[in-house]
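First up is the structure itself, then whatever we jot down about it.
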Amino acid sequence: MKTMSRALLVALLVAALGTSILSFAPTARAQEGTPTLRFNEPEIVTLQPNVTVNRAFDALAGDTVEIVLSRLAEFEYTAVLIGPDSAPIGLERQADGNVLLALDLAEGGRYTLTLQATSGSGQMLIQVNSAAPVPLAMGETLADVGAAPLRFSLTPDDPTAPSTLALSTLATREAETLPRLVLTRSSDGAEVLSLNPNMIADLTLGLPQGESFVLSFEPADVAQQVRIVWASGDAMPSTVGLPDGTNGMGNGSPPSNTTGVCQVYFGGAVNARSGPGTNYAPPVAQVPAGTTLNVSGHNGDRSWYQVNYNGQMVWVAMFVSATEERGDCSALTVANYPAPPVVVAPPTSPPSGGGSGSPSPTNPPSGGGGGSSPTSPPPPTATTSAPVAPPDASSHTFNVNRDGTSQFQEVISAPNGDTEDRIYVTIDLNQGVGNQTRNVTFTLVCNGAGSEYVRWGTNPNAPGLTCGGSTTRFFTYDSDTQYYYVKFPSGSGYVNYTLIATSSN
């Protein structure tokens, strides 16, 4: 008889959630307004002092990419690669001043390359090389998961039919489980399933019609084989067997009780949001692994459940592997939820309110949520205002590392909330000969609606730099402080920004 970890079978229905960030021709898309790089294709850009050039690409966790930066003339420059978490990634230069660097990416998401000439100007060739995923054929495939990441593209032969994907271990050791894997929708790069290692041995997924996906296995600590069976239709044919000889229906009882109070068990940390959808951003909390919460309602199609977390009614996604329904949830009703946050389109004149996108509604939305709107009870009439940055200290202190990279993060919003931050930058240069001067390059990276309106710099009344811009300041032991200001001088939005400081002799 199999052990419990071998017998566990999870059936998930992967819902269609949106449109494309990641394409596997492959084109990567950047944040709004940032040009994109096509993998394995060179681009030549012109770099000038005080003018920042940004290029971006998307990648999956475990990808290996090669960054190429090659000057076509002699000039000095700065280069910073910003990861999905806004943290800078060092780009080590060769003796000739150019960059040829292979990087193993720990996180999937959007990467932004920020370049600027610091002395002189000229053209630079930039290129990001990456391997495309291997097309997965319908039927059975054995994947050898080891020290290198594996990526498979799933494009169905019949786009009008749903399909089923079954994954199972070919165990050579007792209780061997599936490795870390991620399922990403090709049309928009959305991560629809993320499975941590050592959770289950068998997994069955129902894939909707008309969608393509990328299945990624991250490197495993111990090499193992995984059987992948991809078949058309809603259910696996009886001839397809899992390692225990079953047809995918399992041979044990369900992993949790189906009686008692309806609850959600969190096998991993999960974001909690103010409404049922990822467009309710940012998350209001994160429920830690091991938590069990009572359920008070669902969103209509049961893809999101409403729970009480620390006295606050929040929503959690039920289509991710870290959430598990427990108890009898058949009597749940549709819960009211606010309309998603309104994203204000860039106005041609000072904004006076309004909604998101184009065309714009003449009145604010009257309620409802993302996805399929519930028909009963009727949506609430109240609307949810755009996110607002809470008030904070009148001045922040940013201690810069004199021999490396440092970063400072904060949030500002407009027209309401905290519209401006004053950052007191200090660097310790009073530690003996050799440590008394530094050039520090500051770069501001922004995420969120209204980033195009943000301005920053040393002038408190009229800072002239924009998001993605850089500036370099020379510090000495007797001039080791500087104020920087980040603000909304016009427009509106909610922006999470990171000020990155890179020191050099």
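Taken together, the values in this text are just the output of simple stated rules run on the coordinates, not laboratory data. Quick caveat: nothing in here was measured; it's all calculated off a predicted structure. FYI the Cβ positions are ideal-geometry reconstructions off the backbone, even for glycines, and counts take in every protein chain you see.
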Inter-part distance where the stretch 69-104 and the stretch 388-443 are each reduced to a Cα centre, Å: 23 Å
Relative contact order computed over the stretch 68-113 (Cα-Cα under 8 Å; 6+ residues apart), in percent: 45 percent
Segment ASP96-GLN312, extension gain: residue separation times 0.36 nm, minus the distance between their alpha carbons: 72.0 nm
At q = 0.18 Å⁻¹, base-10 log of I(q)/I(0) for the stretch 41-114 (Debye sum, equal scatterers on each alpha carbon): -0.76
Debye equation applied to the C-alpha atoms of the stretch 395-505, log10 I(q)/I(0) at 0.10 Å⁻¹: -0.29
Residue order, fewest to most beta carbons within 10 Å, for THR141, THR466: THR141, THR466
Pair ARG38, GLN123: separation of 7 Å Cα→Cβ label points (nm): 1.8 nm
As computed over the stretch 403-468, the Cα convex hull volume per residue (Å³): 110 Å³
